[in-house]
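For reference, the structure is listed below as structure tokens.
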Amino acid sequence: LNLLDFITAAERYNRMVKVDRWVLKRVFTELERYPGFWTRCSGVSINLSGSSLNDDKLLEFIEALFEEFVVPPEKICFELTETAAVANLTKTADMVRYLQRLGCTFSIDDFGTGFSSYEYLKQLPVDYVKIDGSFVKEIERSPSDLAMVKSINEIAHVLGRKTIAEYVETPSIRARLAELGVDYVQGYGVEHPRSLSECLAGS
């Protein structure tokens, strides 16, 4: 069973809230065990599913984690997909503001795939905008994808958000994004995925 199949099954049987809570508890547990990790890492991003965004007890659960574990809120960035975030825009925006007051940051993932992305971005007070990788990976061959990346980056900056480009797989794409002024990059051209235990090793 691969990760995609597992997530698909969890969503089908309404178990994603339990999965998210397990992930949150596990990450907080491990981060407390390795306080030295923060000397070489500026923060950790944790994905939240659409199911958890609809969970009325999510805030209570996250607050309890910060009370139980010695993990600095300013080091935690919660990641939301655009599709999940806009399904209940007002509730999501309220949650984002509440956790930002604790010190947490937020990023919106897969940005640019929706029909009203820019309108949603004005209403969601996220700190980072992750430019969808489907645009990024073709910017050297597709003028339209390049224009999309440039547009998203410029508008995000006007709205006071930092940008992160996904699917950065080559040095040339990374260099092109730097020319465009994209703030951060993510992908095999930067680092391959590693397990949590491997990242924490040596801390």
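Restricting the search to segment 2-30, which residues are among the aliphatic types (A, V, I, L, M) and either at positive phi or in contact (Cβ under 8 Å) with a residue 60 or more places away in the chain (or both)?
As a first pass, look at segment 2-30 and keep what is among the aliphatic types (A, V, I, L, M): 3-4, 7, 9-10, 16-17, 19, 23-24, 27.
Answer for segment 2-30, where residues must be among the aliphatic types (A, V, I, L, M) and either at positive phi or in contact (Cβ under 8 Å) with a residue 60 or more places away in the chain (or both): just VAL27.
With respect to PHE78, is the statement that it is of a type in the set (Phe, Trp, Tyr) and either modelled with pLDDT under 90 or more than 29 Å from LYS137 (Cα to Cα) (or both) true?
Here the answer is no, as PHE78 does not meet what is asked.
Considering only segment 100-113, how many residues are buried (at least 21 other Cβ atoms within 10 Å of the Cβ) and acidic (Asp, Glu)?
1
So ARG97 fits all but one of (1) among the basic types (Lys, Arg); (2) at pLDDT 95 or above; (3) surrounded by 13 or more Cβ atoms within 10 Å (Cβ to Cβ); what number is the exception?
(3)
Between a residue in segment 157-181 that is under 18 Å from VAL129 (Cα atoms) and free of Cβ contacts under 8 Å to residues at least 24 places away in the same chain and any residue that is assigned to a loop (DSSP other than H, G, I, E, B) and of a type in the set (A, V, I, L, M, F, W, C), which pairs come within a Cβ distance under 7 Å, given they are 6 or more apart or on different chains?
Note: pairs meeting the criteria are ARG174/VAL168.
Confirm whether ILE139 is touching a Leu at 6+ places or on another chain (Cβ under 6 Å), of a type in the set (Val, Ile, Thr), modelled with pLDDT of 95 or more and farther than 21 Å from THR81 by Cβ.
So ILE139 passes the test.
Given (1) in contact with a Gly (Cβ under 7 Å, 6 or more places away or on another chain); (2) open to solvent by less than 90 Å² (accessible area, probe 1.4 Å); (3) charged (D, E, K, R), identify the lone condition not met by GLU138.
Exception for GLU138: condition (1).
Return the residue satisfying two criteria in turn: it lies in segment 24-53 and is under 19 Å from VAL126 (Cα atoms) and among the aliphatic types (A, V, I, L, M), and of such residues it is farthest from the chain's Cα centre (by Cα).
LEU53
Since GLY181 meets every condition but one in (1) crowded, with 18+ Cβ neighbours inside 10 Å; (2) modelled with pLDDT of 95 or more, which condition does it not meet?
(1)
Do we have SER116 as more than 14 Å from the chain's Cα centre (by Cα), open to solvent by less than 80 Å² (accessible area, probe 1.4 Å), at pLDDT below 90 and on the phi < 0 side of the Ramachandran plot here?
Criteria met by SER116.
Kindly provide the set of residues from segment 182-203 that are outside any loop (DSSP other than H, G, I, E, B), touching a residue at least 12 places away in the same chain (Cβ under 8 Å) and out of contact with any strand residue (DSSP E or B) (no Cβ under 8 Å at 6 or more places or on another chain), ordered by number.
Within segment 182-203, LEU196, SER197, CYS199, LEU200 meet the criteria.
Condition first: in a loop (DSSP other than H, G, I, E, B) and open to solvent by 20 Å² or more (accessible area, probe 1.4 Å). Now tell me which residues in segment 152-178 satisfy that.
Start the filter on segment 152-178 by keeping residues that are in a loop (DSSP other than H, G, I, E, B), which leaves 159-161, 166-170.
Those that are in a loop (DSSP other than H, G, I, E, B) and open to solvent by 20 Å² or more (accessible area, probe 1.4 Å): LEU159, GLY160, ARG161, TYR167, GLU169, THR170.
For segment 5-23, what are the residues that are farther than 22 Å from LEU196 by Cα, touching a Ser or Thr at 6+ places or on another chain (Cβ under 9 Å) and among the charged types (D, E, K, R)?
Result: GLU11, ARG15.
The values are calculated or read from the model by the stated rules, or taken from the named source; none is laboratory data. It should be emphasised that the depicted structure is a prediction, and the values quoted were computed from it without experimental measurement. Virtual Cβ from ideal backbone geometry, glycine too; neighbours counted across all protein chains shown. The area values use the complete protein model at the heavy-atom level, side chains included, leaving out ligands, DNA and RNA. Shrake-Rupley method; radii C 1.70, N 1.55, O 1.52, S 1.80 Å.
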